[in-house]
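This report refers to the structure that appears directly beneath it.
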Amino acid sequence: LLGAASPLAGLYASNTLGAVAGVLATAFWLIPGIGLAGTVAVCAAVNLACATGALALARHPPHARPVPPRAALPCPARGLLLRLAATGLLGVGYEVLVVRAISQVAENTVYTFAILLALYLVGSALGAAAWQRWAAHGAPGDGLGRRLLLALSAACAAGGASLWWAEPLLQGVQVALGPARMAAALTAEAALAATAFLLPTVLMGALFSHLCLQARSADMPWGRSLCANTLGAALAPSLFGVVVIPALGLKGGVLVIAAAYLALARSRAWRRPMGLALAASLASAAVWAPPLRQVDLPEGGQIVSYREGDMAAVSVVADAQGVSRLRIDNRQQEGSSHSLVADARQALLPLLLHPAPRRALFLGLGTGVTATSAALDPSLQVDAAELLPEVIEASRHFTQPMLAGASPRLRVSATDARRFVRAAGEPYDLIISDNFHPARSGSGALYTVEHFQAVRARLSAEGIFCQWLPLHQLDLATLRSIVRSFQMAFPGGWAMLATHSLDTPVIGLLARSDGGRLRLPALRQRLARHALPQALADYGIDDETALLGGFLAGPSALAAFAGNAALNTDDHPVVSYLAPRITYAPDSRPRDRLQTLLGQVRLSPAELLDGPAEPAAALRLAAYWQARDQFIAAGLSVRPSRDVRLLLAQVQAPLLQVLQTSPDFRPAYDPLLRMALALGPQDRAGARALLQALMARQPARPEALQALQHMNPP
């Protein structure tokens, strides 16, 4: 059979369909079910079975019909090999470009990329099968090859053009399929991929089959044909991903692919009407067509910067109010100028919990605000590891206003965070890991047991590690796996809140390398002697009570919450396969998940604090935690309103009750003070009554008294 020319396309089609089954089975069943090692074992067993079958066939070959001789091939063998290599290069290059373009609208999970690869392979298999059915028995002349190349040039141009409408197509399919479900979302991504992939890949499969038949007619071994095509395909990711996309962009890359297929068709094809029309269309698109990029712009907004990199497109977009947002591939928001205080708190909270840090490491950069906030401490050397160089460049837009002429001791490396942790030399006093989106392909590796253990090995004797987690992008099942994995490396760790946001809650898993607890006297000294230029009160860190007020769970509560959840390991990356569920089909609001979490965990001051007992401080801290939980519960049902009276009708009584529980809880005091000042011009008596209520609950704070004194009597 292998000696026959015509069955080769059928064999190739069968082999490629098997690859489709392997891709889908691996992503949707094998790795989630039995892990990477188990999947490798299954694949090895299947390969062994195939080898056994091949040996049996070799000993007892089936009867093969004689193959009629083919006409001599007019094309030299060297030219055929070059064409096979070139088509392999262009075919995989087109795949690289389309995947990058779709990444700007898809969710970019492991399931996304499995579906994209499967559809690419399905098209190739269908093309080979169609060629086997209708064209294999014709003459192996070059006419069909030229027509296929012209059709491929047009198909790639059309497939690339369809990506300008990727976002409305994806949304339209999702709407047509009904309520948000994971299956519906994956179907929408598959429909988008089929629009760009199906016709070009069908033609690619047919063209490869045709070229192999030509090679066979020239007495060229099948292995040599496959080798040339595969070598070209192997060069494509480096050439198009690393060189073409950053230099020419996605539109330029697609036009290069289409023009290259046209060039392979030889000059005779260009002089025909179809070739001339196609060449004119490509030239027109190069001059007048807009860039092939997806950037969601709010009304009145603008693109501040946009860069196509090796691995992602990074943009900074400003809305009509001047709020800038950093996005990766238009989907993943990495922070904004509106969240500067929250981002800075993610550095300051763990930084101030260490008595005397000298070296800090930040895993992930985002807007750069978190790392820069720490680097403003002149006594601290800060390293940051960021995978995307384009993010490093874009972060300057957010950090330059913070610097104001200062030179923070910040050294940023464009590198993989996991590898940096393992390769770093001296230990760090503080390691802070960004809240990576767990559903994005590759991010789950930063939440594994092995990574957490490597981080602990890189900490100094009393070093602190803090892993921030985006609860608004996590379901509780995935959170349980991450918590249990964290506790395998840091059994004495705690959980804390970065802010009191209900829509974007961020949870921190924090621990000391020695498993010790925190000391109040050391915290007081740290707050009194810190060298940070920031006014800590501006970040809600007035004293040690406010600093510790975000803690919400101790080791025993975290262990009970995690239960027997599956560990996230390098071999069994459960987070990468669990987290996409809530991304595709949210089952609850972030505030509801936060409320559920608060109801399932607990913390006593004794689990957090070490040293001589301070009953008054412990009671004050416990009251602050209780007030925090009341504050969050009060906000669950609040409906935003521009009318201060409607807003006060909802929050005044609950927030005053929060202050009754803990007068230290400024997150309840400050908004009431602002609303009282806003209410003054409309209802002076109501404003005065609210200010007096604030004074009664926080008599030590001067703001309410000053506002009352400046308010004229009614």
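The values are calculated or read from the model by the stated rules, or taken from the named source; none is laboratory data. Just so it is clear, the structure is predicted and the values come from calculations on it, not from any experiment. Cβ atoms come from the backbone with ideal geometry, glycine included; neighbour counts cover every protein chain shown. Just the protein is used for accessible areas: all its heavy atoms, side chains included, with ligands, DNA and RNA removed. Shrake-Rupley method; radii C 1.70, N 1.55, O 1.52, S 1.80 Å.
Here are some notes:
- Distance between modelled label sites at F28 and R411, nm, 7 Å Cα→Cβ extension: 4.8 nm
- Measuring only protein heavy atoms, the 1.4 Å probe finds C156 accessible over about 0 Å².
- Calculated FRET value between Q525 and D683, using beta carbons and R₀ = 35 Å, to 0.05: 0.15
- Across region 578-714, the mean sequence separation of Cα contacts (distance under 8 Å, 6 or more residues apart), normalised by length, yields a relative contact order of 17 percent.
- In region 201-297, the alpha-carbon atoms span a convex hull of 137 Å³ per residue.
- Overall form of region 322-425 per C-alpha gyration tensor (a/c, 1.5; a/b vs b/c): oblate
- Restricting attention to the chain, close to 55% of DSSP beta bridges with both partner residues there are antiparallel.
- Length gained when the stretch D587-A194 is fully extended (0.36 nm per residue, less Cα-Cα span): 138.7 nm
- One Cα centroid belongs to region 421-454, the other to region 304-377; the line between them spans 17 Å.
- Calculated P(r) of region 639-714 - Cα pairs past 19 Å, %: 28 percent
- Contour excess over end-to-end distance, with Cα ends at A320 and S637 and 0.36 nm allotted per residue: 111.2 nm
- Separation of the Q692 and M711 label points, Cα + 7 Å toward Cβ, nm: 1.0 nm
- Percent accessible area from carbon and sulfur atoms, the chain, protein chains only, probe 1.4 Å: 60 percent
- In Å, descending, principal axis extents of the Cα set of region 554-633: 47, 31, 15
- When every Cα-Cα distance of region 503-610 is counted in 10 angstrom steps from zero, the calculated P(r) takes the values 11, 31, 33, 20, 5 percent.
- Cα gyration tensor shape for region 594-694, rounded if a/c is under 1.5, else prolate or oblate: oblate
- Per residue, in Å², the accessible surface of the chain once ligands and nucleic acids are set aside, probe 1.4 Å: 43 Å²
- Protein-only accessible surface order, largest first, of R524, R639 at 1.4 Å: R639, R524
- In region 358-404, the ratio of gyration radius to Kirkwood radius, Rg to Rh, stands at 0.95 when only Cα atoms are counted.
- Semi-axis lengths (Å, descending) of the ellipsoid that matches the C-alpha gyration tensor of region 369-452: 24, 16, 11
- On full extension, the segment bounded by I303 and A653 gains 121.7 nm, given 0.36 nm per residue less the C-alpha separation.
- Fraction of the pair-distance distribution of region 121-226 above 16 Å, Cα-Cα pairs, percent: 64 percent
- With contacts taken as Cα pairs under 8 Å and at least 6 residues apart, the chain reaches a relative contact order of 11 percent.
- Local charge for A9 was computed over the other residues whose Cβ lies under 13 Å away, with Lys and Arg +1 and Asp and Glu -1, and equals +2.
- The modelled label-to-label distance between A21 and R224, using points 7 Å beyond Cα along the C-beta direction, is 3.3 nm.
- The accessible area of M488, taken with all protein chains in place and a 1.4 Å probe, comes to roughly 100 Å².
- Rg to Rh quotient for the chain, alpha carbon positions, Kirkwood Rh: 1.06
- The antiparallel fraction among DSSP beta bridges confined to region 424-512 stands at about 70%.
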